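Presented below is the structure to which this report refers.
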Amino acid sequence: MTQKILVLDEGTTSTRAMLFAPDGKLLSSAQQELTQHYPAPGRVEHDATEIWHRTLACAREMVEKAGGAEHIAGIGITNQRETVVAWDRNSGEPLSRALVWQDRRTADFCDTLRNAGHEPEVQERTGLLLDPYFSGTKMRWLIDNEPAVKAAAEAGTLALGTIESWLVFKLTGGSFISDASNASRTLLLTLDGEDFDEGLCDLFGVPKSALAEVVDNSGTFGSTLRELFGAPIPITGMVGDQQSATIGQGCLTPGETKATYGTGAFILANKGQSIPASSNRLLGTVLYQEDGVRTYALEGSVFVAGSLVQWLRDSLGLLGTAAETETLARSIEDSGGVVIIPAMAGLGAPHWQPEARGVIAGLSFATGRAQIARAALEAMAHQTFDLAEAFAADGARWTSLKIDGGMSANDWMAQDIANLLNLPVERPDFVETTALGAAMLAAKGAGIVADLQEASDAMRGTIGNFAPSMDGNVREKRLVAWRKALAAA
């Protein structure tokens, strides 16, 4: 059977390869952790060579599980979106460490552009704000501060791309492309532009010649080198991770909304073919592009979600495992007044305060591990509530919310989100919808299904539901404490 789909899911803390059947069943997976480099406060880096080698190792394991390359119809790639890799097109080797989406080193550059009055035009044209989160300012920093990157730019051999561009380049031996969903996160693509924009490239100081060709999210994007897997495998889908999860959740109709709780938390509402605009500091982004036609989304991005729990576990030693948070949260009636503002990488939407730092408020001698763990989970609902208000103010009020991502497996957290939002929350049994969305796109690109709706109907599994059950007075007390702590951040 040649209809298996191989998905490469390139996350922030790990890389995975996942093998899917045409009905969406996960057949097998392989995963390796990625090394996080923190050279200074606010700086986060990856080793692009490590990303490539570990992704390739996982992919080879899945090809073997499939019975060989001839049994795989196509590869779908989904990735952390704004992370930037600089490499030499001739050697195919990285010229520096990759700057991760969480990296904040370009905050001053963003301030300079904002103070010069550029943000309104940038937001209108790209849907994005002037924030270090996005790729364009990272690209400029690499050119200005990494001698090898500057030399390659001067020699005309520089390639600057997000992770899907890097992986496709390595897999194919030189194809240099970026899908529209990832390209829309760079600050260098207008929402209605076919390719990267010369004027925006000039504003940010990024040579257009160093950027990839912008392509659809499904189709035939070349094939892998024969020597990698024993035979060529076509690459038939590419998509940014949050757009992929939106597709994987079946949010194919305008108004449908999903929230992914992974390293960060990202909420996207399908806006159809209408270019989104926000008056409440939400983002407009490309959801997907087919045959040159774009479907858009309105997005709210929270920088710290699962990484807060990881910090409690790895840096403070308060947890043995991330799953322990649910047991601890259920062991007490409330957080004892403890509120956590998880601004370790600044505050994202709708606040956009890159210099904000984390706060733990309401500590007392009665505070223990359980109170802090519960407050960490409550922070997910608090941040989601702030975004719900912003979406509503932009005319995109939620009537329900579909959740996914690793953290959403926590039943207590899922119920708390439903309670605080006072909305029904839906969660699929298979919460890894990021990989599923990439599989759907790859299946369409490989010709297994005719369109995304057919892929969604065939591949999505059963859905669980959480109904709100919180007293209004309790909800309001929680929100008052959250806003007070937020002011301190």
_Being of a type in the set (Ser, Thr, Tyr), surrounded by fewer than 24 Cβ atoms within 10 Å (Cβ to Cβ) and not in a loop (DSSP other than H, G, I, E, B): is that true of THR112 here?_
yes
*Hey, VAL293 surrounded by fewer than 17 Cβ atoms within 10 Å (Cβ to Cβ) and either closer than 24 Å to ASP451 by Cα or of a type in the set (Val, Ile, Thr) (or both) or not*: yes
*Run down LEU200, LEU158, LEU211 and say which single residue is under 17 Å from ALA98 (Cβ atoms), of a type outside the set (S, T, N, Q) and in contact with a Leu (Cβ under 7 Å, 6 or more places away or on another chain).*
LEU211
_Would you confirm whether or not segment 138-158 contains a residue that is out of contact with any helix residue (DSSP H, G or I) (no Cβ under 8 Å at 6 or more places or on another chain), in a loop (DSSP other than H, G, I, E, B) and either modelled with pLDDT under 95 or among the acidic types (Asp, Glu) (or both)?_
yes
*Would you pick out the residues in segment 359-382 that are within 26 Å of LEU421 (Cβ to Cβ), touching a residue at least 40 places away in the same chain (Cβ under 8 Å) and part of a helix (DSSP H, G or I)?*
ALA370, ILE372, ALA373, ARG374, ALA375, ALA376, LEU377, GLU378, ALA379, MET380, ALA381, HIS382
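Every residue, every condition in (1) out of contact with any helix residue (DSSP H, G or I) (no Cβ under 8 Å at 6 or more places or on another chain); (2) modelled with pLDDT of 95 or more; (3) surrounded by 20 or more Cβ atoms within 10 Å (Cβ to Cβ); (4) outside any strand (DSSP E or B), yes or no:
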| residue | (1), (2), (3), (4) |
| --- | --- |
| GLN31 | no, yes, no, no |
| GLY42 | no, no, no, yes |
| THR49 | yes, yes, no, yes |
| GLU61 | yes, yes, no, yes |
| ALA73 | no, yes, yes, no |
| THR78 | no, yes, yes, no |
| ALA86 | no, yes, yes, no |
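Which one is surrounded by the most Cβ atoms within 10 Å (Cβ to Cβ), of the residues in segment 129-178 that are among the acidic types (Asp, Glu) and under 22 Å from the mean Cα position of the chain (by Cα)?
So the first thing to find is which residues in segment 129-178 are among the acidic types (Asp, Glu), and the list is 131, 144, 146, 154, 164.
Remaining after also requiring under 22 Å from the mean Cα position of the chain (by Cα): 131, 164.
Values: ASP131: 25, GLU164: 30.
This residue is GLU164.
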*What do you reckon, is ALA392 over 25 Å from ALA323 (Cα atoms), among the hydrophobic types (A, V, I, L, M, F, W, C) and surrounded by fewer than 14 Cβ atoms within 10 Å (Cβ to Cβ)?*
yes
*Hits in segment 179-210 - residues which are buried (at least 24 other Cβ atoms within 10 Å of the Cβ) and in contact with an Asp or Glu (Cβ under 8 Å, 6 or more places away or on another chain)*: ASP179, ALA180, ASN182, ARG185, THR186, LEU188, LEU189
*Failed item in (1) more than 22 Å from MET238 (Cα to Cα); (2) at pLDDT 95 or above; (3) in contact with a Leu (Cβ under 8 Å, 6 or more places away or on another chain), with LEU287 passing the rest*: (1)
*GLY250 fails exactly one of the following numbered conditions: (1) surrounded by fewer than 18 Cβ atoms within 10 Å (Cβ to Cβ); (2) farther than 26 Å from ASN145 by Cβ; (3) not hydrophobic (A, V, I, L, M, F, W, C). What is the number of that condition?*
(1)
_What's the total number of residues in segment 261-290 that are within 15 Å of PHE391 (Cβ to Cβ), assigned to a strand (DSSP E or B) and small (Gly, Ala, Ser)?_
3
*Does segment 389-430 hold any residues that are assigned to a helix (DSSP H, G or I) and farther than 21 Å from ALA379 by Cβ, and which are they?*
ALA393
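The values are calculated or read from the model by the stated rules, or taken from the named source; none is laboratory data. What you are looking at is a predicted structure, and each value in this text was computed from that prediction instead of being measured. All Cβ positions, glycine included, derive from the backbone under ideal geometry; neighbour counts span all protein chains shown.
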